[in-house]
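Take a look at the structure set out below.
Just so you know, all these numbers are worked out from the coordinates, no wet-lab data involved. Fair warning: this is a prediction, and the values are worked out from it, not measured in the lab. Reconstructed Cβ throughout: ideal geometry from the backbone, glycine too, with neighbour counts over all protein chains shown.
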Amino acid sequence: MDHWSESEGKRSHDPIFQTKLNCRQHVEDFCKKRADAVATSTGRCIWVPGPIVVGAGPSGLAVAACLKEKGVDSLILERSNCIASLWQLKTYDRLSLHLPRQFCELPLMPFPTDYPIYPSKEEFVLYLEEYAARFGICPTYNHEVVCAEYDEKLLIWRVRTQATDRMGEVVYMSRWLVAATGENAEVVQPEIDGLKEFKGTVLHTSEYKSGLAFAGKRVLVVGCGNSGMEVCLDLCNSGAQPHIVVRDTVHILPREMLGKSTFGLSMWLLNWLPVHMVDLILLFVAWIKFGDTAQLGLKRPTIGPLELKSLSGKTPVLDVGTFAKIRSGNIKVRPDIKQISGRQVEFLDRQTEDFDAIVLATGYKSNVPFWLKDRELFSEKDGLPRKAFPNGWKGGRGLYSVGFTRRGLMGTSADARRIAHDIEQQLSAEGKHPDVLL
Ligand SMILES: Cc1cc2nc3c(=O)[nH]c(=O)nc-3n(C[C@H](O)[C@H](O)[C@H](O)COP(=O)(O)OP(=O)(O)OC[C@H]3O[C@@H](n4cnc5c(N)ncnc54)[C@H](O)[C@@H]3O)c2cc1C
């Protein structure tokens, strides 16, 4: 018996695990029945008594759970075929949470105590699946919201979906609409002269799984955020020859400082010191650990890492080992690309080099402006709330946003709790006991 089947065998005799399985089975049966009911509905126009939540990522699940705790059932519309599609379908194999688990748990359910400080993506997804099961959350999958607008006459939101399965187009209607489509809904494709004609492989980090496919190959990674840096490390460990394009300045910090997570330490210091003082401490420790990163092509911004994050949303890189590979010359740092011709890439310093593949670590953007026909809560420019955290969670006419705070899952939890409380207050003020949806 191998380890897996052995532990499976043990689990099948474990009464707690059996109860969990039964509970999950019950939720899955319920979800299937509801999906079938929706699929056989002939009207193609469906009234939803509770809030409609767009997106079944961690934010959509968090708000649905907080609502459920208050007795309010919601309907989640999700374009893909699973919860947390970003994590399940669009991330690389070696990914773990970038931040320690205590800053990433969703409301009402902590991570299992035996989880590591930085849970792997599999562990995080398992946690989210248990979370959905615990709160009886069953999203309606394969339903992409293509338009949501407020009907001024009926005082309701009309949410039009394009279903990728047998349903075709359906319009859902509700008093409340919660946008939970995330800051990472669509990939950002850079404009690079000659990129479309590149003769090797081009992929975005959302399609990158592992460096094994690139062993022995020369790979150019464009972008030096957390994903770009980690993909370079993965490529290097898999026997590829990675080069990284650093177009801009970047703050690189050790993931741990003084025996604590850098993020946790920063949060703690912020209780006592102003941001610029904490930034000075972070930069001092980073300097001791890395020296002058500019000498290796990683020039630091003039503003400190935390101040920069709050002003522009740009996240510092928390190093997981890439810097050592840069220092040893296993990963080469390159300036911005001037142009590409065939397999040859010319950089701004006029040097040229041939590559087999290009990985675009150029990030993501919100897609809210494409589907939400309301310009008050969200800005058309970047698809994020116009008001900064903590004031961007609520718009007018029953519209809410969750998970657009540039503060990761901590911001999500704060938004989700506020939204659930607000909707419950409205129902209480109307003297209504929240109904259970469907
Ligand atoms: C590599 C990586 C590592 C990260 N690590 C951390 C970390 O350690 N800690 C942390 O706090 N944050 C981390 N983040 C940020 C992370 O994205 C978020 O914290 C988290 O996934 C946000 O959840 P969300 O539900 O808001 O958005 P998402 O996870 O993006 O979920 C949004 C959902 O909405 C769906 N959707 C989008 N458009 C539509 C539409 N029109 N109709 C229907 N459905 C739609 C999507 O399919 C998706 O399932 C990381 C991000 C990346 C990319």
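General observations
- Only one of the listed residues (Ile83, Ile117) is of a type in the set (Val, Ile, Thr), in a loop (DSSP other than H, G, I, E, B) and more than 8 Å from the ligand (Cβ to nearest atom). That residue is Ile117.
- Subset of the range 191-211 (residues that are assigned to a loop (DSSP other than H, G, I, E, B) and among the small types (Gly, Ala, Ser)): Gly194, Gly200, Ser210
- Breaking point among (1) closer than 27 Å to Ala361 by Cβ; (2) among the charged types (D, E, K, R); (3) not in a helix (DSSP H, G or I), for Asp73: (1)
- Which numbered condition Val145 fails, given (1) near the ligand (Cβ under 9 Å from one of its atoms); (2) part of a helix (DSSP H, G or I): (2)
- Any hit, the range 250-263, residues being in a helix (DSSP H, G or I) and under 25 Å from the mean Cα position of the chain (by Cα): yes
- Within this structure, Leu67 passes the test of being closer than 15 Å to Val178 by Cβ, crowded, with 17+ Cβ neighbours inside 10 Å and away from the ligand (no atom under 12 Å from the Cβ).
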